[in-house]
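Novice: Once you've had a glance at the structure underneath, I'll fire off some questions.
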Amino acid sequence: MARIFEKNRKGVTLVELMAATVIISVGVLGMVGAFRYINFGIQAPKGRSLANNLAQEKIEVLKNKSYFRVMVTTATDLDHNFDPDAYEYDTYPNGSEALNVGGINFTRRVWIRKVSENSDGELTLLNWNLPDTGLKEIIVYVSWFEGGSWKKVELRNLRGNPDRTNLNAMFTGTVLEAGTGTPPIQGAIVRAQENPARYDTTDASGAYGFAIEAGSYTLQASRQGFFSSVSPLYIVSATQNHAFTLTRMSSGTITGTAWLRDHLVISQVVGSSMTSSGQEHEWVEVYNPTTWTWTMATGLGAGANDEVVISYTESGEAEDKPDFDYRTVSLAPGSYYLFANTGTVTAAGVTRTADAVYDMDSDFGNLDNMIQTGGPSSGGHVLLGIESLGQILDIVGWNATDNGISSKRTAQRYEGQAIVQSIGFELGEEYTRKTTSSGVSPGYGRCYDSNNNENDIVDAKPITNPPHNSADSEVCDSGTPAAGAPVFASDGLSSSTQAAASGAFTLSGVATGYWTLYVSSGMSVSTGGVYGGASSGFAADAGSVVLSTDNVFGFITGVVTGITGAGIPDIKVAAGSRQASTGSNGRYLLPADPGEQTVWANYHTDNTSYIETSSMGVTVELGRITENVDFVLQPGGKLRGWITTNGTDPLPNVPVSAFESSVEQGNGITDANGYFLIWGTGISTGTYDVVPQLEDGESSSPSTHTVALVAGDTAFVGTFTVTGAMGSIRGSVTAGGVNINTGVLIYATTTTLTGSPIMPPTMDPTTRAGSVKYYAVSSNAQGAYDLPVRGGSAYNIYAWYTTWDSNEAATISVRQSTAAVAAGQIVTENFSW
Amino acid sequence: MVTPRSRKGYSLMELMLVVAILGVIVSAAPRMFTGIYRFTRMITAKAEIQKNARGTLSNINRGLRQAQASSILVDQVSGQPPHSRITFTRYKTDGSTEVVSYYQSGKKLYMSTNLAAGKKVCDDLRYIAFTYPKSDDSYIVSISVTFEKATYEGAAKALQMAVEKVRVMN
C-alpha cells in the first residue's frame, strides 16, 4: 500500500490547471477579437463600393438633366466631420440627401459651380451670379461613418451646354503708360463690362487678348496706381483691337508715429521725500493715458474697496500688499492718481493731497515705510494691477548693483530692463516716467512706455519733478510705440507699411488728394485723421496717431466703380455679417472677421440701379489689411414673373433662365407662390429672353417672354402656363403595424386595372407607346415610397405585397386607392396589410 | 514500514474548488458557443446575401444597359409576384443579339438565354420588381431587389435591399 504513495505524481496541480486555463482563455479571446476584424474587413470595402455606386448614380442623374436644370450652387456649408479637411457642399438649391443602403447611412451632397475654360484649356471657377459660360463642374460627395471615423467618396464631372455659343469673337490690344516712352503696363486687367466673366491680364509687353461671344461690348482697363480707362462700344463678330493708355496717379508721402495707449502707467515713484520737517513721505503716482475713465476703487474709505492697487517687493523678499484708504474713486483720461503713505505729500515746492493712502500696520495715521530706500538700499519693484482680475498694468523695477548685499541687488520683476542703480533707491530720489522718448517735459503727461524701465524712467536727486494727483491733468504726447502696426491710407494707390520699433512710419506712394489714414494693431485701431497733399511729391505729417479703439477685425479695402471707371458713392459692401458703404470717391474700408471671406458689392442689390457682384476667397487677417478688392458695377435691374399650371394654381420649384444673345445671364427658381426673381451680375440693362426650364413632358405657353430691362427697374416679364408638370404620391407601407422593409410594388395610372387577382399590365412596347401612362416604384428599405406622377389627373393606385410560405408558394395581396394629384402637389397615400 | 507521508494527492478543498471552477466554465460555455455560432451564422448570411445582391444587380445592370429599349418586356411567371420577370434582347460583343430573361420563381432568381430552360442565379430572393418610373420613357428601368436569409431557428433574418436605376443605351 505504502508504495503507491511513493510514486511520483503524474497529474496536474491546481496552479498548472489555472495557468492552462488562462492561456486557453487568451487564445479564445483572441479568436473572438478576430471576428470583429473579419467583420470590419467585410464591411469596409462594401461601404466604399456602395458609396461609389451612389456617387455615380448622382452624376448620371445630373447628366441626364437638361443643362440649365443642373442648378448651380448658390449657398454652401462646410462638413466639419472632416476637419481640418472640411469640404464645402451645396445647401441650396440642391441640398443634401440621406440614404440608407445595406444598413449604412450615407449622406450624398453636390457642389456645382460655373467654370470657364481659357485659351490654354485651363479651368477657372466662377461665382454663381456671373453669366453662364456653357460649362459647369459637378462634384458629388458621399460620406458615411464607419469603423470609428468618417469616410468620403468624391466624384467630379464636367457638364457642357450642348447648345453653347462659341466664343467666336476676340478682343486684342495693348495697355501702355501715358506720357513719354509709353512703357507697357504689366498686370492690368482688361474686362468686357457687359460680361465680366470675359477678361484678360496684360503680360510683360502690355498685351492682352481674350475670346468672347459675338455681341456689343465696352472694355475697361484698370491697374492699381493708374486711372482706369474705358473703350468705346464695339460691336464684335471677329477680332477687334483696342489700345489703352493709362495715366499714372501722382503721389506723395505721409509720415507719423503710432502709439498705443491702452493701460494705466506708474508715472512716478518716490521712496522717501526727506521733507524739511524730516518726514519721509513716499508715493506712487499713476497716469491715465487712455481715452476712458478708470474705476480705482468701488467706494471711498478703507475696507473691501480695492480695484486698482499697488504693491512693493524688495529684492529677495515677499511682496508687500498694503491696505488702502481711498479718497478718490475714479481716474479721468489724461489725469493722475496719487497713492501715498500719508494724506498730503510735499516735494519740489509742491503739496498734493493723496487720492489713496496706503498702510502696512492698520494705522493709517503713521508714515509707513513700505518702499525701502537708503544709500545703500535693496533693489525692488513697484507693481500696479487690478486686484479683482489679477491683471498687471505696469511694473517699475530697479537694481542696486553695488549695495553690498548680493542677495538683494536684482529686482524680481521689471519691464525690459530694470533701472540701473549702484547703491539702490536713495532718500530724496525720484523715478519719473518720461513724457516722450527724450525726457520729462513739464506740462505733458508722463506716459512714454516702451516696456523698458531703464529707457522709460529718469531718476533724479533731489526731487525736481513734483507729484501730481487727480486734480492734475496733462496731455500725453507719446505712449507705447505701436511697433509693427500696419499703416495704410484710403487712396487706393499706396500699399500698406508697418510702424518701426519706435512707432514711426513712412507711407510712401500715396495718391494726391486727402485721404483717411488707418493705423491698426492686433488689438486696437485708429481711423486716424485726413492727411495728404494736392501736388505730386507732397510730404504730410500725421504726427502722433493713437490706437485706442479696440479691434477684433481685419480690413478689406478697394474701390467700387461704374463702367465708366468713376467711383460710385454709398454702395453697400459686405463680408459675412459686416457691412460698410463706399465714400464719395467709391473707396471703401470694410472691417471683416478674420478668415476667408466672400466680399459683396451692392449687397442684396441695395442700390437697385446696379447689379450685385462679389469676389470670392478674400483672405482677412486680424489687424491686417487686404487691399485692392475692387468691383465694377453694371447698371442693373431684376426680372420677375409667375408660373402657373392653369392660370390659378402656382407651380413651385421651376428654374427660369434669362438669356441675352443666347447666353444665360442669370436664373431664378419659382417660390411656393410660383413667383421667380432673376438678378445677379449678369442681369444688366438690355433685352432678355426669359425661358422656364422644363422637365421632359412639360410644355409652357408661351415658351419665351422677351423683356427690355431698364436700370433700377424690376421688370415683370409675364406669366408662363406650364402643363404636364409632375406631382408626387408618397406614403408608407405596413404589415401588422410594422413597416415593410422587403419591398412593395406600387403602380399609379389613370385607367382601372382588372383581373383576379388584379395584376399590373404587361409592360411591353405596345403598352409603353399607348396613351395611358403608368407610373411605378418599389417601396424602400424603410417602408416608404415616393412616386412622381404627371400633375392634373386623378389616379388609381395599386400596391402589391408578396409573402412566402415554407414551401416557397407566393401569397400575393393587393391594396387599392385613388388620389387626385395637381402639378407640384404632394399627395399622401398609405397602404397597410 | 510506512515512510513519512509526503502528500501527493488533492485535498478536499482543492477538489471542491476545481469542481466549482469547472462548473462555472461548463455552465457558461454553451451560452458562449451559441453566441459565437449565431454571430458566425449572421456574418456568413449577411456576406452571402450582400454578395448575392451586388452580383445580381450588376449582372442584370450590365445586360440591361446593352438591351434594345424597344425589346424590353416586363411581366411575371404565372403565380409569381407582379413584374418579377424581365425579358429583353441585348447585343453581344460579336454584334449578334440574344434574348435574355431574368425571373423569380419561388425564392430563387433564374436567368434564361434564348428561351432555353432557366439556370438558377441565386437563392434567398425575397422580392424583385422591374419598374418603369414613367411608362412613356422606355430608357429608364428601375430594379429593386431584396434578399432575406434566416440565420437559425426563429431568430433574426439578414436583410439586404438594393435599388438601381438603369439607363438603357440602345
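Novice: Positive end of the charge dipole of chain A (Lys, Arg +1 and Asp, Glu -1 on Cβ, about the Cα centre): tell me which of A:460, A:573, A:471 has its Cα farthest that way.
Specialist: Working it through, the farthest residue towards the positive pole turns out to be A:573.
Novice: Which semi-axes, in whole Å and largest first, does the equivalent ellipsoid of the range A:169-248 have when worked out from the alpha carbon gyration tensor as the square roots of 5 times its eigenvalues? Don't jump to the answer; show the numbers that get you there.
Specialist: On the way: eigenvalues 89, 26, 23 Å².
In descending order the semi-axes read 21, 11, 11 Å.
Novice: I've got another one for you. Can you give me the angle between helix A:14-64 and the longest principal axis of chain A, using Cα atoms only, in degrees from 0 to 90, rounded to the nearest 10?
Specialist: Between helix and principal axis, roughly 70 degrees.
Novice: Place a point 7 Å from Cα of residue A:323 in the direction of its Cβ. Which residues in the range A:351-371 have their backbone N less than 11 Å from it?
Specialist: A:359-365
Novice: I need the phi-derived Karplus couplings for the range A:709-718: 6.51 cos²θ - 1.76 cosθ + 1.60, θ = phi - 60°, integer Hz, Gly and Pro marked x.
Specialist: Result, rounded to whole Hz: 9, 9, 4, x, 9, 10, 8, 8, 7, x.
Novice: So what is the relative contact order for the range A:711-833, in percent, with contacts set as C-alpha pairs under 8 Å and at least six apart?
Specialist: This gives 37 percent for the range A:711-833.
Novice: Would you work out which of A:350, A:397, A:757 lies farthest towards the positive end of the dipole of chain A? Charges go on Cβ: Lys and Arg +1, Asp and Glu -1.
Specialist: A:757
Novice: Next question, about the same structure. With each label point set 7 Å from Cα along the Cα-Cβ vector, what nm distance links residue A:64 and residue A:816?
Specialist: 3.1 nm
Novice: Related question: So if the hydrodynamic radius of the range A:727-832 is defined as the Kirkwood radius over C-alpha pairs, what does Stokes-Einstein give as its diffusion coefficient at 10 °C and 1.306 mPa s, in µm² per second? It would help to have the intermediate numbers written out before the result.
Specialist: Values: Rh = 14.4 Å.
Value of D from the Cα-based Kirkwood radius: 110 µm²/s.
Novice: Identify, among A:709, A:41, A:435, the residue whose Cα sits farthest towards the positive end of the charge dipole of chain A, taking +1 on the Cβ of Lys and Arg and -1 on the Cβ of Asp and Glu, with the dipole about the Cα centre.
Specialist: A:41
Novice: Separate question: Go ahead and run the numbers for FRET between residue A:756 and residue A:807, Cβ-Cβ distance against an R0 of 22 Å, rounding to 0.05.
Specialist: 0.45
Novice: Using the 10 angstrom Cβ neighbour count as an exposure proxy, how do A:58, A:151, B:119 rank, fewest first?
Specialist: On the way: A:58 22, A:151 18, B:119 9.
Result, fewest neighbours first: B:119, A:151, A:58.
Novice: Pairs of Cα atoms under 8 Å, at least six residues apart: use those to get the relative contact order of the range B:33-167, whole percent. Please list the in-between numbers first.
Specialist: On the way: 257 pairs, mean separation 29.9, N = 135.
Relative contact order comes out at 22 percent.
Novice: Please identify which residues in the range A:292-328 have an amide N closer than 18 Å to a label point set 7 Å out from the Cα of residue A:360, following the Cα→Cβ vector.
Specialist: A:310-325
Novice: Of A:321/A:461; A:136/B:51; B:46/B:120; B:51/B:134; A:773/B:165, which pairs sit farther than 25 Å apart, going by alpha carbon to alpha carbon?
Specialist: Working: A:321/A:461 27 Å; A:136/B:51 37 Å; B:46/B:120 20 Å; B:51/B:134 30 Å; A:773/B:165 19 Å.
Long pairs (Cα-Cα over 25 Å): A:321/A:461; A:136/B:51; B:51/B:134.
Novice: On to the next question. Please work out the Kirkwood hydrodynamic radius for chain B, using every pair of different C-alpha atoms, and report it in angstroms with one decimal place.
Specialist: Values: mean 1/r = 0.0503 Å⁻¹.
Hydrodynamic radius (Kirkwood, Cα pairs) of chain B is 19.9 Å.
Novice: With viscosity set to 0.692 mPa s at 37 °C, what whole-number translational diffusion coefficient in µm²/s follows for the protein assembly as shown from Stokes-Einstein and a Kirkwood radius over Cα pairs?
Specialist: Values: Rh = 37.3 Å.
The Stokes-Einstein estimate is 88 µm²/s.
Novice: OK, next. Label points 7 Å out from Cα along the Cβ direction at residue A:182 and residue B:21: separation in nm?
Specialist: 10.4 nm
Novice: May I pose another question? Would you list B:122, A:447 from fewest to most Cβ contacts within 10 Å?
Specialist: On the way: B:122 20, A:447 27.
Lowest count first: B:122, A:447.
Novice: Please identify the cysteines of the protein assembly as shown that lack any partner cysteine with a Cβ under 4.7 Å from their own Cβ.
Specialist: B:122, each lacking another Cys Cβ under 4.7 Å.
Novice: Over chain A, what is the mean sequence separation of C-alpha contacts under 8 Å (at least six apart), divided by residue count, expressed as relative contact order in percent?
Specialist: Working: 2229 pairs, mean separation 63.7, N = 833.
Relative contact order for chain A comes out at 8 percent.
Novice: Please arrange A:779, A:813 by how many other C-beta atoms lie within 10 Å of their C-beta, fewest to most. Numbers along the way, then the final one.
Specialist: On the way: A:779 28, A:813 13.
Listing A:779, A:813 from fewest to most nearby Cβ atoms yields A:813, A:779.
Novice: Return the distance in nm (one decimal) between the two label points of a simple spin-label model at residue A:24 and residue A:154, each offset 7 Å from Cα along Cα→Cβ.
Specialist: 5.4 nm
Novice: Still on this model: Please compute the length gained on full extension between residue A:536 and residue A:662, using 0.36 nm multiplied by the number of residues separating them and subtracting their Cα-Cα distance. Please report the intermediate quantities before stating the final value.
Specialist: Numbers: separation 126, 0.36 × 126 = 45.36 nm, distance 4.91 nm.
Here the segment from residue A:536 to residue A:662 would lengthen by 40.5 nm.
Novice: Here's something else I'd like to know. Once the Cβ-Cβ distance between residue A:49 and residue A:598 is put in as r, and R0 is 51 Å, what FRET efficiency do you end up with, to the nearest 0.05? Please report the intermediate quantities before stating the final value.
Specialist: Working: r = 37 Å, r/R0 = 0.72.
It comes to 0.90.
Novice: Residue by residue, what Karplus-based ³J(HN,Hα) values in Hz, rounded to whole numbers, does the range A:405-419 have, using 6.51, -1.76 and 1.60 with θ = phi - 60° and x for Gly and Pro?
Specialist: Computed from phi, the couplings for the range A:405-419 are 10, 4, 7, 10, 9, 10, 5, 5, 9, 5, 9, x, 9, 5, 4 Hz.
Novice: Length gain on complete extension for the stretch residue A:88 to residue A:123, per 0.36 nm per residue less the alpha carbon to alpha carbon distance?
Specialist: Values: separation 35, 0.36 × 35 = 12.60 nm, distance 1.88 nm.
Going from the current span to full extension adds 10.7 nm.
Novice: So if I place +1 on the C-beta of Lys and Arg and -1 on the C-beta of Asp and Glu, and nothing else carries charge, what would the dipole magnitude of the range A:638-723 be about its Cα centre? I want it in debye, nearest 20.
Specialist: Numbers: 2 positive and 9 negative charges, 56 e Å.
Roughly 280 debye for the range A:638-723.
Novice: With charges only on Cβ, +1 for K and R and -1 for D and E, what is the dipole size of chain A about its Cα centre, in debye, rounded to 20?
Specialist: Dipole magnitude for chain A comes out near 3780 debye.
Novice: I'd like the FRET efficiency for residue A:75 and residue A:627, computed as 1/(1 + (r/R0)^6) with the beta carbon distance as r and R0 of 30 Å, rounded to 0.05.
Specialist: Numbers: r = 28 Å, r/R0 = 0.93.
That gives a FRET efficiency of 0.60.
Novice: What's the extension gain from residue A:330 to residue A:401 if we count 0.36 nm per residue and subtract their Cα-Cα distance? Can you show the working numbers first?
Specialist: Numbers: separation 71, 0.36 × 71 = 25.56 nm, distance 3.81 nm.
Difference between extended and current length: 21.8 nm.
Novice: For peptide A:770-782, how many partner chain Cβ atoms fall within 10 Å of a residue's Cβ, on average? Each step should come with its number before you reach the end.
Specialist: Working: counts 2, 1, 2, 5, 6, 6, 11, 7, 13, 4, 3, 7, 1.
Per residue, the number of nearby Cβ atoms from other chains is 5 on average.
Values in this text are rule-based calculations from the coordinates and carry no lab data. Remember, it's a predicted structure, so these values are computed and weren't measured experimentally. When we count neighbours, we look across all protein chains shown, and the Cβ atoms used for this are built from the backbone with ideal geometry, even at glycine.
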